[in-house]
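Contents: one structure, followed by commentary.
A short reminder: the numbers here are calculations on the coordinates, not readings from a lab. The structure displayed is predicted, hence computed values, not measured ones. Because the Cβ atoms are built from the backbone with ideal geometry, glycine has one as well, and the counts that use them run over all protein chains shown.
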Protein chains: 2
Amino acid sequence: MDTNPQRISAAESEVMKVLWADSPKPAEDVLAILAKDHGWAEGTVKTLLNRLLKKGAIAADKDGRRFLYRPLVGREDYVDSESQGLLDRLFDGRLAPLVSHFSKREKLNPEDIAELRRLLDKIDDDQ
Amino acid sequence: MDTNPQRISAAESEVMKVLWADSPKPAEDVLAILAKDHGWAEGTVKTLLNRLLKKGAIAADKDGRRFLYRPLVGREDYVDSESQGLLDRLFDGRLAPLVSHFSKREKLNPEDIAELRRLLDKIDDDQ
DNA sequence: AGCCAACGATTACGCGTGTAAACGAATTGT
DNA sequence: ACAATTCGTTTACACGCGTAATCGTTGGCT
């Protein structure tokens, strides 16, 4: 059971990031990285790993005395649902209004614009 | 006190949307809209208005026996912090990777692409 | 003057989350 | 074999949020 996609919280997503970057990994390695990056205590990381397990977002495979954790939810899927959600909530589900917003806020430098243009050209080429 | 910008939750943002659309408004009007759109009870809307007041996101001006509510936080600012937050969390703070992501997920139709191109051209013209 | 209606303020309550500590079982070193 | 260490599991706890109900006050109506 648990066919339903459960939400991954902000703190949990930090754990996912670590596993997406390289997995499978023992809890120890995950802890080491998150302790360094976020100052999280061991218990915190353990809790997050367990919650992710319950949510079906990761799996744990026994490897001798310990477990190796790996993501079940793909990073692309996660990123997609998060960004689509934001677009839906704030920009009528479309990208252009978001870009327009950033432009109005002067958050686009010429380099960004050039990069976007290259991207669009490439998309056209591929199609 | 309360110089710090407090976070606006999802439900609260629905109230903000109503006030951004047209304000000032008495609670009754806000309620009417949200009851219709989301089926929220009176108490729910009152709570949300109060939380927004405490957070400093809206103001209430006495108008006879009731209050008229109006936003203090601008919609643009809200949209900006939300979208910048997402970009920072998922796309290294940059727009291009997001657009690239959408393209890979085949969420960009030719019309979207054309619109983006027009946007970029317009930005260039303005600068 | 007293009661009712309207409206804001206070209180409630379960769930998810951030942040851990404590507990228990298994393994390894002595 | 026993103790210490190492992992995973269970329990904890405060806070924000979604979702209201109830309380209290004030102004209007009779």
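Based only on the alpha carbon positions, what is the Kirkwood hydrodynamic radius of chain A, in angstrom?
When all Cα pairs of chain A are included, the Kirkwood radius is 17.2 Å.
Please state the relative contact order of chain A as a whole percent: Cα pairs under 8 Å, 6+ residues apart?
20 percent
Do any trypsin sites (Lys or Arg not before Pro) in the range A:50-83 lie in a DSSP loop with no more than 14 other beta carbon atoms within 10 Å, and if so, which?
Sparse-neighbourhood loop trypsin sites (Lys or Arg not before Pro): A:R65.
Please give the charge dipole size of the protein assembly as shown, origin at the Cα centre, charges +1 on K and R Cβ atoms and -1 on D and E Cβ atoms. Round to the nearest 20 debye.
Values: 42 positive and 48 negative charges, 247 e Å.
My answer is approximately 1180 debye.
Please list, in order along the range A:69-78, the HN-Hα scalar couplings obtained from phi with the Karplus expression 6.51 cos²θ - 1.76 cosθ + 1.60 (θ = phi - 60°), rounded to whole Hz, x for Gly and Pro.
Couplings: 9, 8, x, 9, 7, x, 4, 4, 5, 5 Hz.
Loop-only check: which GluC sites (Glu not before Pro) in the range B:64-114 are DSSP coil with at most 16 other Cβ within 10 angstrom?
Working: sites: B:E76, B:E82, B:E106, B:E111; in loops: B:E106.
Sites meeting the loop and neighbour criteria: B:E106.
Please work out the ratio of the alpha-carbon Rg of the protein assembly as shown to 2.2 N^0.38 Å and round it to two decimals.
Values: Rg = 22.0 Å, N = 254, 2.2 N^0.38 = 18.0 Å.
Rg over 2.2 N^0.38 Å, computed on Cα atoms: 1.22.
Using modelled amide H (1.01 Å from N, peptide plane; none on Pro or chain starts), what sits under 5 Å from the amide H of A:F67, excluding residues fewer than 5 places away?
Those lying under 5 Å, H to H, from A:F67 are A:A27.
Could you give the size of the charge dipole of the range B:65-127 about its Cα centre, using +1 on the Cβ of each K and R and -1 on the Cβ of each D and E, expressed in debye and rounded to the nearest 20?
Dipole magnitude for the range B:65-127 comes out near 520 debye.
Taking the Cα centre of chain A as origin, work out the dipole magnitude from +1 charges on Lys and Arg Cβ and -1 charges on Asp and Glu Cβ, in debye rounded to 20.
It works out to roughly 600 debye.
List, in order, the whole-Hz ³J(HN,Hα) value for each residue of the range B:98-103 obtained from phi through the Karplus relation with A = 6.51, B = -1.76, C = 1.60 and θ = phi - 60°; use x for Gly and Pro.
Residue by residue, the range B:98-103 yields 5, 4, 4, 4, 4, 5 Hz.
What ³J(HN,Hα) values, in whole Hz, does the Karplus curve 6.51 cos²θ - 1.76 cosθ + 1.60 give for the range B:50-63 when θ = phi - 60°, with x put for Gly and Pro?
For the range B:50-63, the Karplus-derived couplings read 5, 5, 5, 4, 4, 7, x, 8, 9, 10, 10, 10, 5, 9 Hz, x marking Gly and Pro.
Per DSSP H run of at least 4 residues, take -39500 (n - 2.57); add these up for the protein assembly as shown, divide by its residues and hand me the 222 nm value, nearest 500 deg cm²/dmol.
Per the formula, -20500 deg cm²/dmol.
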